[in-house]
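Structure, as structure tokens:
The values are calculated or read from the model by the stated rules, or taken from the named source; none is laboratory data. What you see is a predicted model, and the numbers here were worked out from it, not measured in a lab. We place every Cβ from the backbone using ideal geometry, glycine too, and count neighbours over all the protein chains shown.
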Amino acid sequence: MVAFTGFRTPLKPGIDAGSAPPRSAGLALAARGRSSDWIIWPALAIALASSMVLATGPALPQVGVSLVKVDLSVVAKGYRMSKLIGSSVINDKSEKIGTVDDVIADKDKKLLSFAVLQVGGFLGLGGRLVAVPFDSLVIDDTGQKITLPGASKDELKKLSEFSYPAS
């Protein structure tokens, strides 16, 4: 077992600070300037890190995983969901009708199936979430303009409200 001098533990329940034993002389130095406690945390981190390195074994090869060669030029032309989320959605009259809150992929087909839009509200508060088919969104080549043709804010508010399942 390793003991660290100057390591302070919280008081036990029922003991108040007034009845606690007086501080040691080493801790009095801390009140005047530099404390010797600064050395404890790096030493503890080094000990913990070295024990983690020694405790881990070699990585085992994964069975049944096959890599697929990807055409990076096709990947580069795709839309980054992280950039689409939070973007404004307009209708074909260029009226803002909501913002993209999330994009949901189908578990079985592994395709992007739905876009969750936030409609109404102000600065992300007080709005309601609705789900629309992802294919109904028209996204320009740059990913900057997202249009939902034929939609209006009022029509979207009439849709059933979407709520994320509790995890």
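Of note:
- For region 124-142, the set of residues classified as surrounded by 14 or more Cβ atoms within 10 Å (Cβ to Cβ) and small (Gly, Ala, Ser) consists of Gly127, Ala131, listed by residue number.
- Residue check, Phe162 touching a strand residue (DSSP E or B) at 6+ places or on another chain (Cβ under 7 Å) and either surrounded by fewer than 17 Cβ atoms within 10 Å (Cβ to Cβ) or assigned to a loop (DSSP other than H, G, I, E, B) (or both): yes
- Pair list, Cβ < 7 Å and 6+ apart or interchain, from region 120-146 residues that are not assigned by TED's automatic domain parsing to the domain that holds Ser87 to residues that are at pLDDT below 90: none
- Meeting the requirement of 1 or more residues that are within 20 Å of the chain's Cα centre (by Cα), the strands (runs of 3 or more DSSP E) wholly within region 83-126 are 96-105, 112-119.
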